[in-house]
Amino acid sequence: MQTLVALGRGFLNRVIHRSSRQAGELERMRPDFDPDFYLAQFSDDDLLSDPLAHYLRTGWQDGLDPHPDFSTNGYLDMHLDVADAGMNPLLHYVNFGRDEGREVPPSTVSHLSRQARATAAINSAQQLDRDAKEIADEIDLAFYTATSGRTFDDPVSAARHYLQIGWEQGLDPTATFSTRAYLSHYPDIADANIPPFLHYIRAGRNEGRLAQDRADDVARILAASPTLESVENDWLFAHPEQVPLQRELGAQQLLAAVEATSERLVFAFTHDDFLKIRGGIQLCVGKEMQQATERGIGYIALHPARPRPRLAPLGESPILYATIAGNRIGPLHIDSLLDVARRFRDSRKIDIVLHALLGHSPEDVAALSKSAGVTRLNAWLHDQFFLCPSYALQSNLVRQCGAPDPGSTACRMCLFGDERHEHLSRLKALLQLIPTVAIAPSKAAADIVFAKGDLPFERFEIAPHAHLSEGPFTAPAKSGPTTIAFIGAPKRHKGYATFRDIARRNLGRNDVRFLYFGSAKHIEPGVQTIPVDVTAETPTAMINALQRENVDFVVHWAQFVETYSFATVEAMQAGAHVITHPESGNVAALVRETGRGHILADAADLDTFLERKALAKATRQRRKKQPALLAAPSTLSFSVLDAPSKPTTLPKLPKNGATKKSAQSRKVRAVS
């Protein structure tokens, strides 16, 4: 009995203590609490006997504001330590925040009385109904139902969903309107927080605004192009300035990393961190480092600490990072590298390979060559950066331009036009100072640079990234809908806009499905995302994923001349056929040489190809028994570095020819 009494007394004491503590909290908060304002935030007729107690218990968690000059959510957003501690913001302020001088944001609803707020809520609902009815006739109910994953009674309910939350989720109301593209093209609409499709129907269409980033809507995209400075600022903003290591310390770390390697050293310039960024050049550098490490060669991959969409400014030495055997050193000033080059100048064979010069200084490359005693550079033509800072030769990053004369009107209208004069001058000066071998991964890559004729390369070498050969016959699965895919980075210049457009135009068909292989974060209505990450450690990840999904066709509608397409090789190795157009460079060349795909004249032919009967016929043809295509990797730069010097020439490759089928493994030819 005494025990029960003691327990009861303890419980009662805790209740009394908690009640007195709460009473104290209420009293401290009361001077800063406006009950009339608090009650005005309720749109119903419920009466609270103690508004302050309600706020202390649950009101703050509902985001209600205690005073016109105090925003509950604003205080928590501004002072994350309070939010993380789960404290009532007003209580924190009166106990600590005021004395600490913490900033207090005002309420965003301070202008509303209780009746005004109730009226506003009614008006808001009525306005929503009016807006929904205004755009309902323009909503594609079947499309919106399929892409949102919800069912709606009628177009008005679908429109209401779009206006309330759909547009904020990035959903598109029709196959011909892109919510994300509209907000991206028109920041004024995004800043005003206007549902983009509502604005488009009311005003945007008559104003000539772009409904979506269509593959063929080049003119208006060109008109909205940014400046080179704004593009560069975006790049630099993502990479804060770095303070380099002391010159001697940087050199010591580099020396320690390569000291144990063989009597050979390679400096390789690239444009970004190939260990973190996925792409063709990054894959080449990663494979090359792997080969060098296996051979005991000291391989130093250099990339700017702050990547740029152009050369580093004249007279500025960019801060660099060095990667050696997978380990990053830096940030470094070029002087540390010059010291290392001088240290090994007389004791090692030193080569310099230029994979990409974005963000680099050609003058620093020349200085490194001099310090190392290098008499020849080796420059890859992975893209057309030697012709223009727009490395894919796209005017304003949109339309293929073919590198016109720098003084032409077309060049002056491009955001890279002013930059191109100095760009060419600095690169030509480098090539004239140091004899340079141009290494092209395909004949298409060599042709476009060689055609310009005014770049003083010593000679051209064609060094494919892989060599294809036919293997044993394979029998693809014959059942299931036709599977059409896009693989790799979903970039406009890679043809993703074309793939997206055909997926939208064919939404709802039961005889075809559309898949995207790449980043798990990618979302596209009507397209299923298959996450894939290809690295030096997982080189066949894309091939394996394509085979698992029994992909029939991969669309590679490149908007520029591809110098070498890993995606095309991977697709063919997986047994898929590639759909492209005649001007896609290496992509079209591979299709011609292997017969594994379709070269279509234009987008109209692509639509014709996708018609049910034509697509069914092409799918049956693709699913016939055929030899597998095998890819033997190349030695990349070492295929040139290890070879004896050759006379200046542009090799002529054999003419294209159809391959004969055989069950025996045999070489088709170098990928070109």
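Which percent of the accessible area of region 544-651 is formed by carbon and sulfur heavy atoms (probe 1.4 angstrom)? It would help to have the intermediate numbers written out before the result.
Values: 2330 of 4330 Å².
The computed percentage sits at 54.
Under a Cβ-only charge scheme (Lys and Arg +1, Asp and Glu -1), can you give me the dipole magnitude of the chain about the Cα centre, in debye to the nearest 20?
3580
Viscosity 0.692 mPa s, temperature 37 °C: Stokes-Einstein D of region 500-555 from its Kirkwood Cα radius, in µm² per second?
Values: Rh = 12.3 Å.
It diffuses with D of about 267 µm²/s by this estimate.
Using only C-alpha positions, report the orientation-averaged shadow area of the convex hull of region 578-640, nm², one decimal. List each step's numbers first, then the result.
Working: hull surface 22.6 nm².
Mean projected area for region 578-640: 5.7 nm², to one decimal.
Would region 314-427 count as rounded, prolate or oblate if I go by the C-alpha gyration tensor, calling it rounded below 1.5 in a/c and otherwise prolate when a/b exceeds b/c, oblate otherwise? Walk me through the numbers before you get to the answer.
Values: a/c = 2.44, a/b = 2.27, b/c = 1.08.
Prolate, because a/c is 1.5 or more and a/b exceeds b/c.
Find the accessible area per residue for region 328-431; the probe is 1.4 Å, ligands and nucleic acids are left out, and the unit is Å². Working shown, then result.
Working: 3660 Å² over 104 residues.
Accessible area per residue: 35 Å².
In deg cm²/dmol and to the nearest 500, what is the mean residue ellipticity at 222 nm of the chain if only DSSP H runs of at least 4 residues count, each as -39500 (n - 2.57), divided by the residue total? Don't skip to the answer; put the middle values down first.
Details: 28 runs with 259 residues, N = 672.
One gets -11000 deg cm²/dmol as the mean residue ellipticity at 222 nm.
Quick one: which of 276/491; 478/613; 428/494 span more than 27 angstrom between C-alpha atoms?
On the way: 276/491 18 Å; 478/613 16 Å; 428/494 29 Å.
Too far apart for the 27 Å limit: 428/494.
Can you tell me the alpha carbon radius of gyration of region 411-491 divided by the globular rule-of-thumb value 2.2 N^0.38 Å?
Numbers: Rg = 20.7 Å, N = 81, 2.2 N^0.38 = 11.7 Å.
Dividing the Cα Rg of region 411-491 by 2.2 N^0.38 Å gives 1.77.
Apply the Karplus parameterisation 6.51 cos²θ - 1.76 cosθ + 1.60, with θ equal to phi minus 60°, to every residue of region 319-333 and state each ³J(HN,Hα) to the nearest whole Hz, in sequence, with x for glycine and proline.
My calculation for region 319-333 gives 6, 10, 10, 10, 10, 10, 6, x, 10, 8, 10, x, x, 10, 8 Hz in order.
Got the relative contact order for region 430-520 handy, in percent, Cα pairs under 8 Å and 6 or more residues apart? Write down the numbers at each step before the final one.
Details: 75 pairs, mean separation 23.8, N = 91.
Result for region 430-520 is 26 percent.
Can you tell me the alpha carbon radius of gyration of region 454-543 divided by the globular rule-of-thumb value 2.2 N^0.38 Å?
Details: Rg = 17.9 Å, N = 90, 2.2 N^0.38 = 12.2 Å.
Output field value: 1.48.
Across 5 Å bins from the origin, how do the percents of Cα pairs in region 266-328 run, short distances first?
Histogram of Cα-Cα distances, whole percents per bin: 4, 18, 28, 24, 14, 8, 3, 1.
How large is the dipole of region 226-289 about the Cα centre if only Lys and Arg carry +1 and Asp and Glu carry -1, each at its Cβ, rounded to the nearest 20 debye?
On the way: 5 positive and 10 negative charges, 59 e Å.
Taking the Cα centre of region 226-289 as origin, the dipole is about 280 debye.
For the chain, what is Rg from Cα atoms divided by 2.2 N^0.38 Å, rounded to two decimals?
On the way: Rg = 32.0 Å, N = 672, 2.2 N^0.38 = 26.1 Å.
Scaled against compact globular proteins, the figure is 1.22.
Of the chymotrypsin sites (Phe, Trp or Tyr not before Pro) in region 319-392, which ones lie in a loop per DSSP and count no more than 14 other C-beta atoms within 10 Å?
Passing both the DSSP loop test and the Cβ count: no residue.
Working from the pairwise distances between different alpha carbons, so that the mean of 1/r is found and then inverted, what is region 204-360's Kirkwood radius in Å? Intermediate values should be presented prior to the final figure.
Working: mean 1/r = 0.0569 Å⁻¹.
Evaluated over region 204-360, this radius sits at 17.6 Å.
Taking every DSSP beta bridge with both residues inside region 451-568, roughly what % is antiparallel (nearest 5)?
Details: 1 of 13 bridges.
The antiparallel fraction comes to roughly 10 percent.
At 0.36 nm per residue, and after removing the present C-alpha to C-alpha distance, how many nm does the segment from residue 538 to residue 83 gain when stretched out fully?
Values: separation 455, 0.36 × 455 = 163.80 nm, distance 4.22 nm.
Taking 0.36 nm per residue and subtracting the Cα distance, the gain is 159.6 nm.
Round to a whole number: what % of the accessible area of region 403-543 belongs to carbon and sulfur, probe 1.4 Å? Mind showing how you got there, number by number?
Values: 3280 of 5830 Å².
Within region 403-543, the accessible surface is 56 percent carbon and sulfur.
In region 482-611, what is the volume of the convex hull around the alpha carbon atoms, normalised per residue and reported in Å³? Spell out each step's value before the answer.
Working: hull volume 12.7 nm³, N = 130.
In region 482-611, the Cα convex hull volume per residue is 98 Å³.
In whole percent, and with a 1.4 Å probe on the protein chains, what portion of the accessible area of region 311-387 is carbon and sulfur? Spell out each step's value before the answer.
Values: 1150 of 2450 Å².
Carbon and sulfur together cover 47 percent of it.
The values are calculated or read from the model by the stated rules, or taken from the named source; none is laboratory data. Since we're looking at a predicted model, the values are computed, not measured. Every residue, glycine among them, receives a Cβ derived from its backbone with ideal geometry; neighbour counts consider all protein chains shown. Areas reflect the complete protein model, heavy atoms only, side chains present, ligands, DNA and RNA absent. Shrake-Rupley method; radii C 1.70, N 1.55, O 1.52, S 1.80 Å.
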